[in-house]
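The values are calculated or read from the model by the stated rules, or taken from the named source; none is laboratory data. Here the structure is a predicted model, which is why all the values come from computation and not from measurement. In this analysis, Cβ positions are derived from the backbone assuming ideal geometry, glycine residues included, and neighbour counts consider all displayed protein chains.
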């Protein structure tokens, strides 16, 4: 397959970017290279005995403090299976300034690590933390804890009984208007003769709780699509009450499936969101039927990782149409290797915090205005 060299690509991009601003001003379709204005409010850099800081999530506490919990690697390795614990930073002024020292939220509970945090305020007012415990390449399981009055986390609740490599991304668990909690997970095909013998094509489904997270059961698996690899699902409750599942695939785009309740899923199909084999995050905009998507577009570039670019998109109510799209990061403004695993926290109808990590550059948190998109 013919692909432009990175040098030639950059030369073209230099000429292309000014043109896209002109096209946007003339009312043309938005370009992925139009810049999204953003303010960097926190960078959690790596350092000695801290080779990687990665995916996290936000929660606004009762006193208005914004808590951000993220995966903090320690030791010598930044591998996905290396040692990591959950640390936090916080802001008491709406995300303008942040604490400068890490606070331990949860020590490493696995032989490998703990990672991939979702923080959610449940309908009954409790703050729940969902996360993964990795024991081996064939044993990863999602857990839940509830924040206590003293700021610690209560007893852990296991979401799935089966011992398997079951993955749940950061900022993915949702609670429906009905009160049902849905935790979207991927489970690799059952491992075989040894710990490393499993299939990268996953089953995707939801763990379901109808009692506030005390007990969990498996929902139905999204029907497979021949020749398409499923990984790392996410969820969004739409304005019409349906649940949208979006799925990382190797087919050049995110795939979508729909459900009335998270139990059973329609046949997944190719969506309008182009992407490499990389995750996207989709959330409903506050006070609106429209959706916000943050992720890596499908733009192969010689010498760059698939996730070298990060875009932000506004979608219509069912996600079938991109209404606006701008660039958060791209290789011309590369700080470090790539951009991965976003999280979004809405502060009001027009202001949001967006986080993602660059490997090995650390975690970046930006403040944005939705009206700029």
| query | Can you pull out the residues in region 310-352 that are in a strand (DSSP E or B) and either loosely packed, with under 15 Cβ neighbours inside 10 Å or at pLDDT below 85 (or both)? | reply | 323
| query | Has region 237-258 got at least one residue that is within 19 Å of residue 115 (Cβ to Cβ), part of a strand (DSSP E or B) and within 16 Å of the chain's Cα centre (by Cα)? | reply | yes
| All but one of (1) touching a strand residue (DSSP E or B) at 6+ places or on another chain (Cβ under 6 Å); (2) closer than 26 Å to residue 216 by Cβ; (3) surrounded by 16 or more Cβ atoms within 10 Å (Cβ to Cβ); (4) touching a residue at least 40 places away in the same chain (Cβ under 8 Å) hold for residue 137; which doesn't? | (1)
| query | Is it the case that region 77-91 has a residue that's free of Cβ contacts under 8 Å to residues at least 60 places away in the same chain and out of contact with any strand residue (DSSP E or B) (no Cβ under 9 Å at 6 or more places or on another chain)? | reply | yes
| said: What's the number of the only condition in (1) modelled with pLDDT under 95; (2) farther than 20 Å from residue 355 by Cα that residue 111 fails to meet? | reply: (1)
| said: Criterion first (over 19 Å from the mean Cα position of the chain (by Cα), closer than 24 Å to residue 129 by Cβ and surrounded by 15 or more Cβ atoms within 10 Å (Cβ to Cβ)) does residue 234 satisfy it? | reply: no
| said: So if I check each of 121, 187, 126, 145, which one is in contact (Cβ under 8 Å) with a residue 60 or more places away in the chain, under 21 Å from the mean Cα position of the chain (by Cα) and within 30 Å of residue 239 (Cα to Cα)? | reply: 121
| request: Tell me which of these residue 162 doesn't satisfy, since it passes every other one: (1) surrounded by fewer than 21 Cβ atoms within 10 Å (Cβ to Cβ); (2) farther than 19 Å from residue 204 by Cβ. | output: (2)
